[in-house]
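J.: Before I ask anything, here is the structure I am working with.
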Amino acid sequence: MTRSIRNRLSFIMGLALLTIASMPILGFAADKAKEPALYATWMSALPPVIAICLALITKEVYSSLFIGVLTGAVLYAGADFSGIMEHLLNNGIIASLTSAGNVGILIFLVILGMFVAMMNMSGGSAAFGNWASTKVKSRKHAQFTTILLGILIFVDDYFNCLTVGSVMKPLSDKFNISRAKLAYLIDATAAPVCIIAPISSWAAAVSGFVQGQNGLSVFIRAIPYNFYAIFTIVMMFSIVAMGFDYSKMAIYEKNAIENGDLLTIHENLATQNEEIAVNDKGHVSDLILPVVVLIICCLIGMIYTGGFFSGTSFVDAFANCDAAVSLSMGSLVALIITIVYYCARRVLSFHDCMSCVPEGFKQMVSPILVLTLAWSLKNMTDSLGLAPFVAAMVKRMPESAMVLIPAVLFVISCALGFASGTSWGTFGILIPIALAITKSNPDMMIPVISACMAGGVCGDHCSPISDTTIMASAGAECNHISHVETQLPYALTVLVISAISYIVVGFTKTAIPGLIVGLVLLFLFLNFMKKRQLRKDAVARSEA
């Protein structure tokens, strides 16, 4: 099937789904009230479901997200065309681009793109790849190095995704590691690591949602119960150590190893690295020093926005920081320092540095567009009352089912995170509900809160419209749908095992039995999948 035919079919399918989604509300008159007729009903989940299904079916993310946003506007405004357009633009796309937090993240993205362009032009990335290849001798070691670097950069998931991708891409390319595998390793060491790191922007966010408790203390006590994060990290190390992949990832890795094709799907990828001339006098320090400066500046930015220099304690400053402002401020200062450093070293002229400004921006156009549409989709679900709908469902759960509540809330949190593409929004909805549910049973408070946190991370990890998933694709320079479809089977594996572990915790009220059961199940499953994959490879070789 040619690309043009496939695109036409994708368009027709999208219009058909949109029509079906719109049919139930075409009879409604335009509703100028704050709450539309379909507010807080099951149809509030329809826009993200349509967007995600279309993206997975058509492999095209822009039109899929836009159709999801448009569906949300139609469901909100009914048959009023002007109301649809007003909600789509003013309350959707424009609102997402006028949010201070969102703009801060976009600034950080663009500056990171400039960093990558300068590090490439200076020859720092190539020099690091050459140096690392003398220290790292195999694909396995390169993957372990990527995981360890991701774990070390635990302060923020956005920062993790883009920094690890920039540093490790030259090394992973040398060992023919597919970009899809690199994107998975980046994504799986972003949110899953941040959610179990007490000094991180995530710890600050969760602390703010736990009203009436010591937020940081609750966060730390919840770490052993955060099964999804723990099992994801264990799974990464296990997959690399056992030297195999399964499902879609196996196809991408085989193509990379046997054919040297790191991408498999080549559409909509930045070509900046091919367009910029590389300095052959670059040194490893031309990559390492800017990254270290960036980390230090962003950390200082976090404690600065949290009030550390005004007398607030370090822990409180970190807990109260504004991550978007901190990262944009820190990255801008680091960019200026890096330009001065490159000019002083004479590896780049000032003119060369300035030529990297538009090139870095061009590299980030795709993730910026996807992020904007994803944020707009979240605005649509907010206006349709997805959060109150989920909250009402949870509150109707009987207290007699308390032993199942950690597992049930974990699954609900996964679904909400997947549909909305946000972990923090999921925390804000479900953690207060978890506190209310466990008032009469305080022993279950920490397991239930941790289940909400783990589920939010899991849903965010699986979702094609998640900002961290989008940035992991950008960091690895991987086609976004390639990243989603290769990561999803791995994430779903850990999801099922984590849900079983939360059932165990519901009965035992302690973390150790759940951890043991989950780890045993994980290793049994991976051994089974490895034997299955080896059999498939043997059959393929015999047929060839």
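The values are calculated or read from the model by the stated rules, or taken from the named source; none is laboratory data. These numbers were taken from a predicted model, which means no experiment stands behind them. Cβ sites come from the backbone with ideal geometry, for glycine too, and all protein chains shown count toward neighbours. Note: areas computed on protein heavy atoms with side chains; ligands, DNA, RNA excluded. Shrake-Rupley method; radii C 1.70, N 1.55, O 1.52, S 1.80 Å.
J.: Which one of these does ASN176 not meet: (1) surrounded by fewer than 24 Cβ atoms within 10 Å (Cβ to Cβ); (2) closer than 23 Å to PHE219 by Cα?
T.: (2)
J.: Could you give every pair whose Cβ atoms fall below 7 Å, whose first residue belongs to segment 286-302 and is open to solvent by 50 Å² or more (accessible area, probe 1.4 Å), and whose second residue is assigned to a helix (DSSP H, G or I) and not basic (Lys, Arg), counting only separations of at least 6 or pairs across chains?
T.: These pairs meet every condition: LEU289/TYR341; ILE300/GLY330.
J.: Which of the residues belonging to segment 231-251 are in contact with a Ser or Thr (Cβ under 8 Å, 6 or more places away or on another chain), open to solvent by 10 Å² or more (accessible area, probe 1.4 Å) and of a type outside the set (A, V, I, L, M)?
T.: SER247, LYS248
J.: Sticking with this one: Need the failing condition index for VAL484 against (1) modelled with pLDDT of 90 or more; (2) more than 13 Å from the chain's Cα centre (by Cα); (3) not hydroxyl-bearing (Ser, Thr, Tyr), just the number.
T.: (2)
J.: Residues that are farther than 30 Å from PHE66 by Cβ and charged (D, E, K, R), at least 1 per element: which helices (runs of 4 or more DSSP H) completely within segment 441-544 meet that?
T.: 511-543
J.: Going by what's in this entry, would PHE389 be described as under 20 Å from ALA451 (Cα atoms), touching a residue at least 60 places away in the same chain (Cβ under 8 Å) and surrounded by 24 or more Cβ atoms within 10 Å (Cβ to Cβ)?
T.: no
J.: For a quick check of your reading: which helices (runs of 4 or more DSSP H) sit entirely within segment 38-123 and have at least 2 residues that are among the β-branched types (Val, Ile, Thr) and under 19 Å from the mean Cα position of the chain (by Cα)?
T.: 46-58, 100-122
J.: Next question. Go through the residues of segment 341-364 one by one and say whether even a single one is out of contact with any Asp or Glu (no Cβ under 8 Å at 6 or more places or on another chain) and closer than 30 Å to ALA415 by Cα.
T.: Yes, some residue in segment 341-364 is out of contact with any Asp or Glu (no Cβ under 8 Å at 6 or more places or on another chain) and closer than 30 Å to ALA415 by Cα.
J.: Go through the residues of segment 482-499 one by one and say whether even a single one is open to solvent by 20 Å² or more (accessible area, probe 1.4 Å) and without any contact (Cβ under 8 Å) to a residue 12 or more places away in the chain.
T.: Yes, segment 482-499 contains at least one residue that is open to solvent by 20 Å² or more (accessible area, probe 1.4 Å) and without any contact (Cβ under 8 Å) to a residue 12 or more places away in the chain.
J.: Scan segment 451-467 for residues that are closer than 13 Å to TRP424 by Cα and in contact with a Phe, Trp or Tyr (Cβ under 7 Å, 6 or more places away or on another chain) and jot them down.
T.: CYS452, MET453, ALA454, GLY455, GLY456, VAL457, CYS458, GLY459
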